[in-house]
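The values are calculated or read from the model by the stated rules, or taken from the named source; none is laboratory data. Computed from a predicted model, the values in this text were never measured in an experiment. Here the Cβ is made from the backbone with ideal geometry for all residues, glycine too, and neighbour counts use every protein chain on show.
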Amino acid sequence: MRLFVSVDLPDELAEPVADLQEEFSEASGLDFTDPGQAHVTMKFLGDVGEDRLPVLESELEATVSDADVSPFTARFGGLGVFPTLEYISVLWLGVETGGEELTALHEAIEERTTAMGFDPEDHDFTPHVTLARMKHAGGKDLVQDLVRERDPTVGEMTVDEVRLTESTLTEDGPVYSTVERFPLE
């Protein structure tokens, strides 16, 4: 199973995410994510054997409980890219409020999963929602201009759970399904 830990955006934010992606539709080279599957990746775990699932679920439940993060509001807005505006590989939607709580959850999840033997992250955590990946630089100028000029607010949600999510790769892109939910208390 190809797994990651996520905070999933609610269905009512799918349309505003799609509308924002539409603004970039003229930029060649972008491969857009499915707005109905929009999420903040808290930790990518990779391929995990089903035999490890019970322990992983138990550890994540304890981690979310021990992180001492109560349900909170996250507002999504602003644009950014990874790694830089000169070399764009990912176009993303930022987190205007709720970033501290998302970071606290990420740090707790990172510490626990690394102790379990999962690979540590090789970059700093930036809470974000991936809008598109750039396959080639044909539309780079347009992406750069829009990222510099636009400061959209997409909407907000109450974050009250973290999910363990399975990613199944298909010809039409990844399909995500929830394996388990871990409520914030």
When only residues in segment 11-61 that are more than 19 Å from Gly155 (Cα to Cα) and of a type in the set (Gly, Ala, Ser) count, which is nearest to the chain's Cα centre (by Cα)? Gly46
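How many residues does segment 58-75 contain that are within 20 Å of Thr103 (Cα to Cα) and part of a helix (DSSP H, G or I)?
So the first thing to find is which residues in segment 58-75 are within 20 Å of Thr103 (Cα to Cα), and the list is 59-75.
In the following step, the residues that additionally are part of a helix (DSSP H, G or I) were identified as 59-66.
Residues meeting the conditions: 8.
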Does any residue of segment 160-169 turn out to be of a type in the set (D, E, K, R), modelled with pLDDT of 95 or more and exposed (fewer than 12 other Cβ atoms within 10 Å of the Cβ)? no
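Please go through segment 8-25 and give me each residue that is of a type in the set (S, T, N, Q) and touching a residue at least 60 places away in the same chain (Cβ under 8 Å), ordered by number.
First pass over segment 8-25, keeping only residues of a type in the set (S, T, N, Q): 21, 25.
Scanning segment 8-25 gives a single hit, Gln21.
From the residues in segment 88-106 that are surrounded by fewer than 15 Cβ atoms within 10 Å (Cβ to Cβ) and either touching a residue at least 40 places away in the same chain (Cβ under 8 Å) or under 13 Å from the mean Cα position of the chain (by Cα) (or both), which one is nearest to Leu184 (Cα to Cα)? Can you show your working first?
Pass one, segment 88-106, residues surrounded by fewer than 15 Cβ atoms within 10 Å (Cβ to Cβ): 89, 97, 100, 104.
Remaining after also requiring either touching a residue at least 40 places away in the same chain (Cβ under 8 Å) or under 13 Å from the mean Cα position of the chain (by Cα) (or both): 89, 97.
Numbers: Ser89: 32, Thr97: 17 Å.
Top of the filtered list is Thr97.
Select from segment 32-49 the residues that are outside any loop (DSSP other than H, G, I, E, B) and either modelled with pLDDT under 95 or of a type in the set (Val, Ile, Thr) (or both) and list them in ascending order. Even if it seems obvious, please write down each step before you answer.
Let us first name the residues in segment 32-49 that are outside any loop (DSSP other than H, G, I, E, B), namely 32, 35-37, 39-47.
Val40, Thr41 - these are the residues of segment 32-49 that are outside any loop (DSSP other than H, G, I, E, B) and either modelled with pLDDT under 95 or of a type in the set (Val, Ile, Thr) (or both).
Residues in segment 51-71: is at least one in contact with a Gly (Cβ under 7 Å, 6 or more places away or on another chain) and either surrounded by 18 or more Cβ atoms within 10 Å (Cβ to Cβ) or not aromatic (Phe, Trp, Tyr) (or both)?
Taking every residue of segment 51-71 in turn, none turns out to be in contact with a Gly (Cβ under 7 Å, 6 or more places away or on another chain) and either surrounded by 18 or more Cβ atoms within 10 Å (Cβ to Cβ) or not aromatic (Phe, Trp, Tyr) (or both).
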